[in-house]
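Participant: Take a look at the following structure, please.
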Amino acid sequence: MRLIAEASDTAKGFRPLILPHHAPETIFGSGARSARRSGTGEDFFSYRKYGFGDDARQIDWRHSARSDDIFIREHERLLPHHVYLDCDTSPAMQFNSRGNLPTKAYAAQRLLLAAAQLLMQGESKIAPLRTGGMRKNNFAELTQQLCAIHDDLPLLPPLSSRSFIFLAGDFHQGAEVWQDFIRRAHDMNVPGACIQMLDPVEYEFPFYGRIRLQSAEEDEAIMISSADIARPIYLERMAQEQNNMQKLCERYGWYWLSLATDMPPRAQLGKFLQLFSFRQTESHRQ
């Protein structure tokens with residue numbers, strides 16, 4: 001499937017993504033917890049003797065210098081997050097302004113699947129939000145569910161505090177529509193991220209003269225007699241819409257990121273990962 005192949009190519013070369021776990025609960029939730037055994041993590045677990053097949057980069061030369069043996073410094077394994085993904089596939093998300101651009105839905109699905117691969121490499125368990133009871137880490141089923149057509153907001157099932165939610169869409173519904181969903185997730189101590197995907201014409205409005213705009217959701221259209229005069233009004237409303245969503249996310253400790261479909265897929269993923277890296281850095285300074 002082309003979508004899976006492109007998602008794999010997008011994720012290639014990036015490090016596994018381990019969701020933050022040393023940050024305050026008000027920002028990230030309780031996060032992954034200790035498994036009390038060695039594995040992927042940041043905290044020291046124990047020393048053990050170097051053996052055949054071990055990575056030489058794990059050798060603790062300072063500790064080894066105190067004895068006749070060479071020792072590996074092991075980190076404590078963290079039990080995985082449960083990560084739930086959802087992508088808006090409503091008619092408005094099936095839009096692309098140019099034939100060489102992906103639809104908003106396709107770009108969002110590709111990004112989520114690329115992120116899912118990195119999350120699974122980081123030992124998170126992945127499942128679609130709308131069918132959270134399905135087998136986790138089944139990539140084919142995850143792809144199928146993310147591509148399923150629906151035009152309603154996802155419901156929020158009961159989730160554990162070590163869960164995380166990724167929502168992708170254009171979020172043109174407005175912050176007031178998403179407020180209840182995000183507030184209830186916050187009440188369950190479940191953090192998340194809203195990833196907005198826009199077509200270039202949505203954030204540029206590069207029109208002039210008389211134009212007719214057709215709604216993708218309803219059988220309605222509006223006529224604008226002078227698009228260049230209307231552009232500042234449109235751009236101001238778009239900025240306000242994004243600002244409202246960003247403030248909503250910040251209020252409940254969620255992430256907010258806006259991306260464009262004309263960005264290269266790896267650049268989109270890089271921006272996504274950079275957002276997590278920034279928030280982790282900030283949390284460690286507290």
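The values are calculated or read from the model by the stated rules, or taken from the named source; none is laboratory data. In this text the structure is predicted, and so the values were computed from the model without any measurement. When we count neighbours, we look across all protein chains shown, and the Cβ atoms used for this are built from the backbone with ideal geometry, even at glycine.
Participant: Run GLU25 past the list (1) farther than 21 Å from ALA127 by Cα; (2) surrounded by 13 or more Cβ atoms within 10 Å (Cβ to Cβ); (3) of a type outside the set (Ser, Thr, Tyr); (4) modelled with pLDDT under 75 and report the number of the one that doesn't hold.
Facilitator: (2)
Participant: Further question: Collect the residues in region 257-275 that are out of contact with any strand residue (DSSP E or B) (no Cβ under 9 Å at 6 or more places or on another chain) and not in a helix (DSSP H, G or I), keeping them in residue-number order.
Facilitator: ASP262, MET263, PRO264
Participant: Could you identify the single residue in MET263, MET238, MET188 that is modelled with pLDDT of 90 or more and touching a Leu at 6+ places or on another chain (Cβ under 7 Å)?
Facilitator: Values: MET263 fails: touching a Leu at 6+ places or on another chain (Cβ under 7 Å); MET238 fails: touching a Leu at 6+ places or on another chain (Cβ under 7 Å).
None of the other options fit; the residue is MET188.
Participant: Does region 69-83 contain any residue that is at pLDDT 90 or above and surrounded by 22 or more Cβ atoms within 10 Å (Cβ to Cβ)?
Facilitator: Of the residues in region 69-83, the ones at pLDDT 90 or above are 83.
Right, trim to surrounded by 22 or more Cβ atoms within 10 Å (Cβ to Cβ) and you get 83.
Within region 69-83 (the criterion being at pLDDT 90 or above and surrounded by 22 or more Cβ atoms within 10 Å (Cβ to Cβ)), the answer is yes, since at least one residue qualifies.
Participant: Within region 107-206, considering only helices (runs of 4 or more DSSP H) that don't extend past its boundaries, which have at least 3 residues that are under 17 Å from the mean Cα position of the chain (by Cα) and in the same structural domain as GLU241 (by TED's automatic domain parsing)?
Facilitator: By residue number, 139-147, 175-187.
Participant: Quick one: in region 174-224, which of the residues that are farther than 14 Å from CYS249 by Cβ and among the polar types (S, T, N, Q) is surrounded by the fewest Cβ atoms within 10 Å (Cβ to Cβ)?
Facilitator: GLN214
Participant: Please determine whether any residue of region 229-249 is touching a residue at least 40 places away in the same chain (Cβ under 8 Å), at positive phi and not hydroxyl-bearing (Ser, Thr, Tyr).
Facilitator: Start the filter on region 229-249 by keeping residues that are touching a residue at least 40 places away in the same chain (Cβ under 8 Å), which leaves 241-242, 244-245, 247-249.
Restricting the remaining residues to those that are at positive phi gives none.
No: zero hits.
Participant: Give the residues of region 87-98 that are within 15 Å of ALA260 (Cα to Cα) and not in a helix (DSSP H, G or I), sorted by residue number.
Facilitator: Hits for region 87-98 are PHE95, ASN96, SER97, ARG98.
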